[in-house]
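One structure below.
The values are calculated or read from the model by the stated rules, or taken from the named source; none is laboratory data. Here the structure is a predicted model, which is why all the values come from computation and not from measurement. Reconstructed Cβ throughout: ideal geometry from the backbone, glycine too, with neighbour counts over all protein chains shown. Please note that ligands, DNA and RNA were not included when accessible areas were found on the heavy atoms of the full protein model with its side chains. Shrake-Rupley method; radii C 1.70, N 1.55, O 1.52, S 1.80 Å.
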Amino acid sequence: MLRIPLVDVKASYHRHAAAIDAAIRSVIESTAFIHGKELDEFEAAFAAFCETSHAVGVGSGTAAIHLALAALGVGPGDEVAVPAQSFIATAEPVSWLGARPRFIEIDPDTAGMDPDALKADIDGVKAVIPVHLYGHPADLARITEIAAMAGAPVIEDAAQAHGACILGSDGSTVVAGGYGAIGCFSFFPGKNLGSFGDAGAVTTNDPDLAAKIRMLRNHGRRTRYEHVTVGYAHRMDTLQAAVLSVKLATLAEGNRRRRELAAAYTAKLAGIGDLVLPVERAYARSVYHLYVVRTSRRDALLAHLTAAGIGAGVHYPIPLHLQPAYAALRHRVGDFPVAEAYARECLSLPIYPELTDEQQDRVVDAVRAYFETAS
Ligand SMILES: *Cc1c(COP(=O)(O)O)cnc(C)c1O
C-alpha cells in the first residue's frame, strides 16, 4: 500500500526539476550567494504576485514577523495582539523584542482572529497580527478598522496564505499581504510556495517601511561599512530566491488545484460522522494551505488514518496561551475556549497540488470507514 503524505515536497520538486537544477547551477557558477541578481528578480516577481509595491526577501517567515515588528518600533513593555491559535512563530518575535503577546480568541468557523474579541481587548496594544490560518484570510476589513481606531498597525501573518484574497463589499480584491501595513510570508518547504530550506518575505506598500526592513535585515547597513542601527542577520540567500522564482510561476495554478481538491473534499465528506468541514466566508478566497476538519474523535480518527497509510496532521494541538513557553503569562484552560476546542478537534487531511483524485478518494474512503466502524 502506497502512503499518501500530508504534503509532498518531493512531487513538487519533480514537477520543476530541470528548471530548478538549472537555476541552482547558475547561482553556484556566479558565486553570488548573498544578494545575487536572483534575489532582486524574485522580490520583483513576488511583489507583482502580491500586488504590493515592495517585497523584501528575508531568512524565514519568523524573521519576516521579527523585522515587521522592529520596523514598527515594537519594543520592551509593548503588547501585541496575536490569535490564541496559530503556529508559535506568530508570537515568538514579539517576545524577542521584549514585548508581550496579548492573545485573542479565534473565530469558530475560520480559526482566524475574532474581530469582536479583538475589539474587547485592544486597549493599549502597539500592533495587531491576524493570521490567515490554513490559507483562509482573517476578517481584515473588520480587524483593520478596529486596529485603526486604536492607532495600532496591522501585520498580516500570511505564512500560510500566498495568493489568498480578501474581497470587498465594493467589488475590490486585495491579495493577502497587501491589506495591512505589512505582510509576512514563509517559504518553509511545505508551504504553498516552498523553498529548499528557510526563507520568507515581507510585503508592504509603504516605501519607508520597505527601506527600513531592507536595512534591518542586513545588519542595519546603510553602506558597506556603515551600520546606522543594530540590525539582524535576516537575509534570504540567492539559492533560495532562484528556486522560489521557478516555483512562483506555477503558484497560482497550484492554488487553483488546492481549491478544486478542497471543494471535492467538502462534497464527499458532507454528512459523515460528526465532522465539521471548513467554510469559506463570502469575503474570502482561501488557498487551502491545509484542509482542516473537526471531530470530537480526532485522536482515534488520526490513528485510523495513520494505520491506513494516510499522513494526517494536527495544526495545532496546543493553543499558544497554553504553551509551556508562555507559562509566565499565567493563562489557564478555559481562557480561550474556541481556540482550545480547535486544538482538541482539528485534523488536517492531505492537500497539495500533486494529490490525485484517486488518492483523495482513498483518503475519503478511509475517513468514511472509520466512522462506519466506530459508531
Ligand atoms: C510557517 C509559519 C510561520 C513561520 O515561518 P518560518 O518560515 O517557518 O519561520 C509563521 N506563522 C505561521 C502561521 C506559519 O504557518
Handout entry: Calculated Rg and Dmax of segment 139-183 using C-alpha coordinates, Å
Key = 10.5, 28
Practice task
Determine the per residue accessible area of the chain with all protein chains present and a 1.4 angstrom probe, expressed in square angstrom.
Solution key: 41 Å²
Exercise for the section: Quick one: give the max-minus-min coordinate of the C-alpha atoms of the chain along each principal axis, largest first, in Å. Expected result: 68, 53, 43
Fill in the blank from the handout: Rounded to one decimal in nm, the spacing of the 7 Å Cα→Cβ label points at Lys268 and Ile28 is 4.0 nm
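Once you have the Cα-Cα distance between Ala120 and Leu167, take 0.36 nm times their residue separation minus that, and quote the gain in nm to one decimal.
On the way: separation 47, 0.36 × 47 = 16.92 nm, distance 2.51 nm.
Full-extension gain reported as 14.4 nm.
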Practice task
Using only the C-alpha atoms of segment 259-325, find the volume of their convex hull and express it per residue in Å³.
Solution key: 143 Å³
Handout entry: Protein-only accessible surface order, largest first, of Lys212, Lys247, Lys10 at 1.4 Å
Key = Lys10, Lys212, Lys247
Problem - Spacing of the two label points (7 Å from each Cα toward its C-beta) at Arg256 and Ala19, in nm - result: 1.4 nm
Practice task
Sketch the reach of a paramagnetic label on Ala44 as a point 7 Å from Cα along Cα-to-Cβ, and name the residues of segment 223-258 whose backbone nitrogen lies under 19 Å away.
Solution key: 236-250
Fill in the blank from the handout: In the structure shown, of Lys10/Lys191; Lys191/Lys247; Lys212/Lys247, the pairs separated by more than 19 angstrom at the C-alpha atoms are Lys212/Lys247
Handout entry: Pairwise label distance in nanometres, Thr356 with Thr306, each label 7 Å out on the Cα-Cβ vector
Key = 2.7 nm
Exercise for the section: Taking just the C-alpha trace of segment 268-375, give me its Rg and Dmax in Å. Expected result: 15.5, 48
